[in-house]
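Written below as structure tokens is the structure these notes are about.
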Amino acid sequence: MEFNEYQEAAKRTLYGNEQVLTNCALGLAGESGQVVDLVKSYTFKGKPLDKQQLIHEMGDVLWYLSQVAEWADIPFDEVAQANIATLNKRYPHGFDRRK
């Protein structure tokens with residue numbers, strides 16, 4: 001699935017009014033925290049990594065990101081492409097810990 005296709009499919013579940021951006025930003029923070037909690041439990045508490053729950057939480061993060069972009073009238077593909085361009089500029093030969 002392309003990012004713009006995802007954005008379009010996801011927006012059918014978007015609700016709200018002028019506070020949509022605030023709701024999405026707060027939701028993004030909350031869902032990101034859930035991803036962090038899963039990783040923290042795995043890393044520091046020795047719990048098994050629940051990959052299905054991680055997929056679920058990452059999907060929620062993706063939804064909120066796509067809808068922030070939707071609200072701002074930014075194609076989600078553009079967000080992904082800009083990020084890759086930034087990474088390519090920052091790490092033209094890939095990431096190297098020695099540098």
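Things worth noting here:
- For the chain, a crude dipole built from +1 on the beta carbon of Lys and Arg and -1 on the beta carbon of Asp and Glu, taken about the Cα centre, is about 820 debye to the nearest 20.
- Counted by Cβ distance under 14 Å from LEU54, the other residues give a net charge of -2, where Lys and Arg count +1 and Asp and Glu count -1.
- Karplus-derived 3J(HN,Hα) values for the range 44-61, using 6.51 cos²θ - 1.76 cosθ + 1.60 with θ = phi - 60°, are 10, 10, x, 7, x, 6, 7, 5, 5, 5, 5, 4, 4, 5, 5, x, 5, 4 Hz; glycine and proline are entered as x.
- Relative intensity of the chain on a log10 scale, I(q)/I(0) at q = 0.10, 0.16, 0.18 Å⁻¹, equals -0.38, -0.86, -0.98, per a Debye sum over C-alpha point scatterers of equal strength in the absence of solvent.
- For the range 10-20, putting each phi into the Karplus relation 6.51 cos²θ - 1.76 cosθ + 1.60 with θ = phi - 60° gives couplings of 6, 5, 5, 9, 7, 9, x, 9, 5, 9, 4 Hz, in residue order, rounded to whole numbers and with x for Gly and Pro.
- Dipole of the range 13-99, positive end: most advanced residue of VAL68, PHE95, ALA25 [Cβ charges, Cα centre]: PHE95
- Total formal charge among the other residues, if their Cβ is under 13 angstrom from that of GLU2, Lys/Arg +1 and Asp/Glu -1: -4
- Summary value for the chain: 39 percent relative contact order, contacts being C-alpha pairs under 8 angstrom separated by 6+ residues.
Each reported figure results from applying straightforward, stated rules to the coordinates on display, with no laboratory input. As the structure is a computational prediction, the values presented were derived from the model and not from experiment. Cβ atoms come from the backbone with ideal geometry, glycine included; neighbour counts cover every protein chain shown.
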